[in-house]
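Comments concern the structure below.
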Amino acid sequence: MDPAIKLLRELVAVNSVNPTLVRGAPGEREIADLIAAEMRRGGLDVSIETVADGRPNVVGVLESRIAGQTLMFCGHTDTVGVTGMMDPFTPVDRDGRLYGRGAQDMKGGVAAMIAAAISVAERGGLSSGRLIVACVVDEEHSSIGADALVKSWRADAAIVTEPTDLQIAVGHKGFAWINVAVEGKAAHGSRPADGQDAILRLGRVLVRLEALDRALQARPPHPLVGTGSLHASIIEGGRELSSYPDRASLQMERRTLPSEDEATALHEVQQILDALTAEDRTFRAEATAVFSRPAYEIAGDHELPGILSAALAHAGGQPRVTGASFWTDAAVLGHAGIPSILFGPGGAGLHSTEEYVNISDVLVCRDALVELVRRYC
């Protein structure tokens, strides 16, 4: 069995469900130990850096004695939960695919980047420069691992090995989470003159948000990532059937473009609330920003996508530059001054009950990364 696929199977067999997403989940400690041991066996200098209790980043370094550029490979070691999966941590090979939780998102990419670094080490190391292999925690929630990484490590460029179907993604969308709380007035259901229905009033907000979403998606799209969008995620309200609800709340998400800043979403929602208040002075609502991450796009004239395209062609792939709809740690690296792009194996089933990665893609990804190191460093 190819060493990259053997490592991938070992990674999938470890439960590394994010404990912030699933209460009681084990987190990344066990998988960090496995990765650290593998990189040490491969000749990398390894450090284990605790980000939160039981949640360590692992960073391996391969360095030449001759000065040169520093390249970083980065991937996350946490996964989402496994509800509905029959046997999520038993890797299964079938029809050229490897199944299991995290196989595509993103243990396939992590295996490829570690295997690439070890292959470089086994071939005599770097002719010049430095290679950093960073395996970070918590990308599936709030990226505390990547935030910690960029405080301690620098690089001239980075590849984040998220699943891209072996396409070279040079940018992706951001997101913002907004809470909207609408006030009503509690009253007995038989006394409409005394009550104000907070849920129906929240309906006014939803109508305006739906119109905004249509408008966003009707705008000229970004050439790589399309248009902005929003959706209502969670609604709560009401206490009992025979009472007017005095409060209703909405949790929503706005997906943002590289040209939009993180404050855009809150501003848009506040404009809606202001308009509704102007129309009805009894309308009372408040919007609060909960959490956001900016979109990201590498500079159009950066050399990295071109070098990776050539490396991928050398490895037998067909280079295609694109953008990604989902958010990744590349934005954390990029906004910290490390120009970054996404490149990883393909598959299907991210966050679903049947997840797999294409085994051949993992090998092509590894080989392309090996060639990239040779050309870039």
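The values are calculated or read from the model by the stated rules, or taken from the named source; none is laboratory data. If you're wondering where the values come from, they're calculated on a predicted model, not measured in any experiment. For accessibility, only protein heavy atoms count, side chains too; no ligands or nucleic acids. Shrake-Rupley method; radii C 1.70, N 1.55, O 1.52, S 1.80 Å.
So the values come out like this:
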{"read-out": "Mean shadow area of segment 28-67, taken as a quarter of the surface of its Cα convex hull (nm²)", "value": "3.0 nm²"}
{"read-out": "Whole-angstrom Cα spans of segment 104-251 along principal axes, big to small", "value": "82, 34, 27"}
{"read-out": "Accessible area of segment 84-189 belonging to carbon and sulfur atoms, whole % at 1.4 Å probe", "value": "46 percent"}
{"read-out": "Computed log₁₀ I(q)/I(0) - Debye formula, equal Cα scatterers, no solvent, the chain, q 0.07, 0.13 Å⁻¹", "value": "-0.37, -1.01"}
{"read-out": "Folded to 0 to 90 degrees: helix 198-218 orientation relative to the chain principal axis, Cα", "value": "50 degrees"}
{"read-out": "Rh by Kirkwood over Cα pairs, then Stokes-Einstein D for segment 129-171 at 0.692 mPa s and 37 °C, µm²/s", "value": "272 µm²/s"}
{"read-out": "Rounded to 5, the percent of DSSP beta bridges in the chain classed as antiparallel", "value": "75 percent"}
{"read-out": "Choice from Gly109, Gly238, Gly81 showing the highest fluctuation, given a GNM over the chain with Cα pairs closer than 10 Å", "value": "Gly238"}
{"read-out": "Cα long-axis angle, helix 264-279 against the chain (0 to 90 degrees, to the nearest 10)", "value": "10 degrees"}
{"read-out": "Using distinct alpha-carbon pairs, which all enter the 1/r mean, Kirkwood radius of segment 4-94 in Å", "value": "14.8 Å"}
{"read-out": "Degrees separating the helix 359-376 axis from the principal Cα axis of the chain, which is the longest one", "value": "70 degrees"}
{"read-out": "Lysines with Cα under 29 Å of Lys6, excluding same-chain neighbours fewer than 8 positions away", "value": "Lys107"}
{"read-out": "Overall Cα dimensions of segment 241-341, principal axis frame, Å, largest first", "value": "69, 30, 21"}
{"read-out": "Mean ellipticity per residue at 222 nm, deg cm²/dmol - from DSSP H runs of n ≥ 4 across the chain, formula -39500 (n - 2.57)", "value": "-10000 deg cm²/dmol"}
{"read-out": "Heavy-atom accessible area per residue - the chain, 1.4 Å, Å²", "value": "44 Å²"}
